[in-house]
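Accompanying notes for the structure given below.
The values are calculated or read from the model by the stated rules, or taken from the named source; none is laboratory data. Every value quoted in this text rests on a predicted model; they were computed, and no experiment measured them. Here Cβ is always computed from backbone atoms with ideal geometry, including for glycine, and neighbour counts include all displayed protein chains.
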Ligand SMILES: Cc1cc2nc3c(=O)[nH]c(=O)nc-3n(C[C@H](O)[C@H](O)[C@H](O)COP(=O)(O)OP(=O)(O)OC[C@H]3O[C@@H](n4cnc5c(N)ncnc54)[C@H](O)[C@@H]3O)c2cc1C
Ligand code: SF4
Ligand code: SF4
Ligand code: SF4
């Protein structure tokens, strides 16, 4: 069975796609997929697995245009993602959005929101893993128009679901995600993790922002990168309607790659301040991911 091979090879990203399609709920996902004894080996789940589907040769051949964007919300960069979700919920274009929240110990969890006022609960990057797609099955039973935000492996699987109710797919750029060991590492710096209000990467350093900035070389946290990320060759979320990231825009802005007509339509509904983005900078980071 194909997903068993993916799991055994250490390549499962924990995206949660297989959970959505398994007809008998035989698979669960936390860090990675775990197949229960009741599995009938029907192989239906392999249809939604991003690793089995494979990576694009040219990650940028579907980009219609690139720009920078920012909203008036607080977010990781320009809060473009939060601004998009808030508008789509407020306009009634979607009736729910699935994203990632966290508790005060920085444990990341997938969350489903239905109210524009709750979007802030998902704002900000959590560099640890959360199986976003594991909430899709529930959402499809209750809601008609669903937005999904997630890292490239998650939006890839969301696209493979080919589900009419998923009307907006917002992807994030991603070099790698980390285990919860990253948060334990931050605590080890003598920082109370509950005081950390932002984690980020800046000029070759990992930074935890609390009462002051705690900067460490990226090599110090590399050991906490999730092993499955080593196999990943999609930096910019090829399968999203709109991909959003930090690189390529000035501080306080988010870079946006519009990849589908649906993505253009979504942006027409949204109030965002717009500027220019540097596509070469995005491509350089994508190349770096592929090389390393
Ligand atoms: C693991 C990870 C690695 C990243 N690496 C890079 C990078 O190398 N270079 C780069 O330019 N950008 C990277 N990004 C993207 C960047 O950090 C911002 O998420 C992006 O610029 C959007 O910023 P924003 O202010 O518009 O988002 P906000 O308005 O702050 O919204 C954040 C959105 O991110 C979602 N989210 C937060 N954490 C997670 C998570 N763990 N998994 C899935 N979804 C999540 C939330 O649901 C929310 O919708 C990464 C993001 C993640 C999650
Ligand atoms: S092979 Fe079939 S039964 Fe087994 S986990 Fe996949 S979808 Fe479920
Ligand atoms: S669909 Fe996602 S969670 Fe399931 S086996 Fe593939 S990578 Fe792992
Ligand atoms: S690098 Fe990012 S997109 Fe790729 S498998 Fe890891 S978390 Fe998923």
Heads up, the strands (runs of 3 or more DSSP E) in the stretch 79-168 (entirely inside) with at least 3 residues that are touching a residue at least 60 places away in the same chain (Cβ under 8 Å) and in contact with a helix residue (DSSP H, G or I) (Cβ under 9 Å, 6 or more places away or on another chain) are 146-150
### Query
Is it the case that the stretch 87-94 has a residue that's away from ligand 1 (no atom under 11 Å from the Cβ) and more than 23 Å from residue 165 (Cα to Cα)?
no
Residue 263 vs (1) over 26 Å from residue 68 (Cα atoms); (2) touching a residue at least 24 places away in the same chain (Cβ under 8 Å): all pass except (1)
Selection from the stretch 105-124 of residues in contact with a strand residue (DSSP E or B) (Cβ under 7 Å, 6 or more places away or on another chain), surrounded by fewer than 24 Cβ atoms within 10 Å (Cβ to Cβ) and within 20 Å of residue 88 (Cα to Cα) yields 110, 111, 112, 113, 114, 121, 122, 124
Quick count over the stretch 196-214, residues being surrounded by 15 or more Cβ atoms within 10 Å (Cβ to Cβ) and over 24 Å from residue 237 (Cβ atoms), is 6
Of the residues in the stretch 21-42 that are surrounded by 14 or more Cβ atoms within 10 Å (Cβ to Cβ) and in a loop (DSSP other than H, G, I, E, B), the one that is modelled with the lowest pLDDT is 31
Being outside the structural domain of residue 230 (by TED's automatic domain parsing) and within 19 Å of the chain's Cα centre (by Cα) narrows 206, 173, 185 down to just 206
Exactly one of 193, 170, 146 is more than 16 Å from ligand 2 (Cβ to nearest atom) and surrounded by fewer than 23 Cβ atoms within 10 Å (Cβ to Cβ), and that one is 193
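Check the stretch 252-260 and report whether any residue there is closer than 28 Å to residue 116 by Cβ and surrounded by fewer than 14 Cβ atoms within 10 Å (Cβ to Cβ). Before you say what the answer is, go through the steps one by one.
Step one: filter the stretch 252-260 for residues closer than 28 Å to residue 116 by Cβ, giving 252-260.
Still in the running and surrounded by fewer than 14 Cβ atoms within 10 Å (Cβ to Cβ): 252.
Within the stretch 252-260, one or more residues are closer than 28 Å to residue 116 by Cβ and surrounded by fewer than 14 Cβ atoms within 10 Å (Cβ to Cβ).
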Open item on the list: Yes or no: the stretch 58-65 includes at least one residue that is more than 14 Å from ligand 2 (Cβ to nearest atom), outside the structural domain of residue 252 (by TED's automatic domain parsing) and more than 19 Å from residue 169 (Cβ to Cβ).
Closed with: yes
